[in-house]
1. Place the peptides 110-123, 75-88 in order of packing, highest mean first, counting for every residue the other Cβ atoms within 10 Å and averaging per peptide.
2. Which order do the peptides 187-195, 98-106 come out in when sorted by mean C-beta neighbours inside 10 angstrom, highest first?
3. Please provide three numbers in whole Å: the alpha-carbon extents of the range 86-222 along the principal axes, with the largest listed first.
4. How long are the three semi-axes of the equivalent ellipsoid for the range 152-212, computed from the Cα gyration tensor as the root of 5 times each eigenvalue, in whole Å, largest first?
5. Give me the percent relative contact order of the range 123-253, please, defined on Cα pairs under 8 angstrom at least 6 residues apart.
6. Go through Lys69/Lys153; Lys153/Lys246; Lys88/Lys153; Lys153/Lys245; Lys136/Lys245 and tell me which ones have a Cα-Cα distance over 19 Å in this structure.
7. When the Cα centres of the range 142-160 and the range 180-253 are compared, how far apart do they sit, in Å?
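Read the figures in this text as sums done on the coordinates, not as results from a lab. Everything numeric in this text was worked out from a predicted model, so none of it was measured. Don't worry about glycine lacking a Cβ; one is built from the backbone with ideal geometry, like all the others, and counts go over all protein chains shown.
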Amino acid sequence: MPRPWDVMDAEQLRQYLEFYQDLGIKTLFRRAAAGVSAAAEAPVSIAPAVSTAPMELPPLAPSGDTLLKIIEDMGDCRRCRLHEGRNKLVFGVGHEKAPLVFVGEGPGADEDAQGIPFVGRAGQLLTQMIEGTAKKEGIALTRADVYICNVVKCRPPENRTPEADEMETCGQFLYRQLSAIQPKAICALGGTAARAVTGHKEGVTKMRGKWFKWRDIPVMVTYHPSYLLRPYNENAKREAWEDLKKVLHFVYD
Ligand code: SF4
């Protein structure tokens, strides 16, 4: 399958790199082909692009992309080092045409064991948050009606934060998921997901409760449920419920 840059002219390539730069990705990592020297694997910096004219970005995904096609393309993915410790690849769960997508950071131990995102304690809290808030607000909604996935699909060792090259490599699949689903809004859970989806660099406490964009799709940032499980986070819990109310009303009113 040709890589995007094999079929782009110089202007399209500039836009493509600019888009990744907007996402906060400053360095691209190339895989060396067989027989190519290690120097070819060196990271490539994305130079600041200079442009004033608004232009349509080139597609990040094949046309007619579907979640099934993305799963097939991932296969037994070994594109980054996170495959080494995984038990199951955790692609995503929910409605293929969900109007709302939740994006977390990466699978934990329970998710890695079951191959389903957000099934551990944090996942149970997320389900309660979605369904409890919807019920209180008079919105008929269950967890099965939304789509839930992570920035990286394999569990990082010791649940560490995914590294930049891992997020970049796996991020292509997240972006294809979002492009295929085309939700009305995205809710980024926690700082890592917020930074990966919006490209903004602030911490989650500064970003939460505000709207950003992924391409043309509004993105609400809130806390990751695992943060809300820590003791003494009552204020954060209240704020997360407020954020969720905003996004549910935006999508379902
Ligand atoms: S984290 Fe993503 S890119 Fe890395 S091996 Fe797993 S599926 Fe592939």
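1. Per-residue mean Cβ counts within 10 Å order the peptides as 110-123, 75-88.
2. Taking the mean over residues of other Cβ atoms within 10 Å, the ranking is 187-195, 98-106.
3. 40, 31, 29
4. 19, 17, 9
5. Normalised by residue count, the contact order of the range 123-253 is 23 percent.
6. Violating the 19 Å limit, Cα to Cα: Lys153/Lys246; Lys153/Lys245.
7. Centre-to-centre distance over Cα atoms comes out at 15 Å.
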